[in-house]
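Notes for the one structure printed next.
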Amino acid sequence: MARDTSMLSVEFYGLPALLAGRRRVEATAPTLRALVQVLAERFPALLGTVIDPSEGWLNRGYVFVVDGRFTRDPETELRPGTEVLLVAAQAGGVR
């Protein structure tokens with residue numbers, strides 16, 4: 001059964017916002033891992049500093065906040081309408 005991958009709201013804070021040149025984007029992805037791939041394609045300036053291009057995942061200093069919960073789990077499922085923040089882990093996230 002195919003999963004609905006309708007739009008998600010993704011907000012960038014700090015350096016990710018500066019590198020992407022915007023603070024908020026809409027994207028579609030079923031998991032955080034897939035979202036990272038989408039973000040890397042749309043915002044190549046994130047590669048290296050925020051996203052490790054060889055791993056296809058966030059560098060250690062960055063974390064997602066999904067509907068108010070900090071996570072670095074790439075298999076976190078995303079549902080339509082999910083709010084996702086990309087922040088520096090030093091801002092209070094997990095390491």
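Every read-out reported here was derived from the displayed coordinates using simple, explicitly stated rules and does not represent laboratory data. Here the structure is a predicted model, which is why all the values come from computation and not from measurement. Here Cβ is always computed from backbone atoms with ideal geometry, including for glycine, and neighbour counts include all displayed protein chains.
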Checklist entry - How much length is gained if the chain between residue 22 and residue 41 is pulled fully straight, taking 0.36 nm per residue apart and subtracting their Cα-Cα distance, in nm to one decimal? => result 5.3 nm
Checklist outcome for this item: Under a Gaussian network model of the chain whose springs join Cα atoms within less than 10 Å, the largest fluctuation of 47, 18, 35 belongs to 18
Item to check | Compactness of the chain, expressed as Rg and Dmax over alpha-carbon positions, Å | outcome: 12.1, 39
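For the chain, what does -39500 (n - 2.57) per DSSP helix run (n ≥ 4), summed and divided by total residues, give at 222 nm, in deg cm²/dmol to the nearest 500? If you can, show how the numbers build up before the last one.
Numbers: 2 runs with 17 residues, N = 95.
It lands at -5000 deg cm²/dmol.
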Item to check | Spin-label model distance (nm) - residue 75 vs residue 55, 7 Å beyond Cα toward Cβ | outcome: 1.7 nm
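How high is the relative contact order of the chain, given as a whole-number percent (alpha carbon pairs under 8 Å, six or more residues apart)?
Computed over the chain, the figure is 36 percent.
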Checklist outcome for this item: Checking 25, 65, 50 against a Gaussian network model of the chain (alpha-carbon springs below 10 Å), the top fluctuating residue turns out to be 25
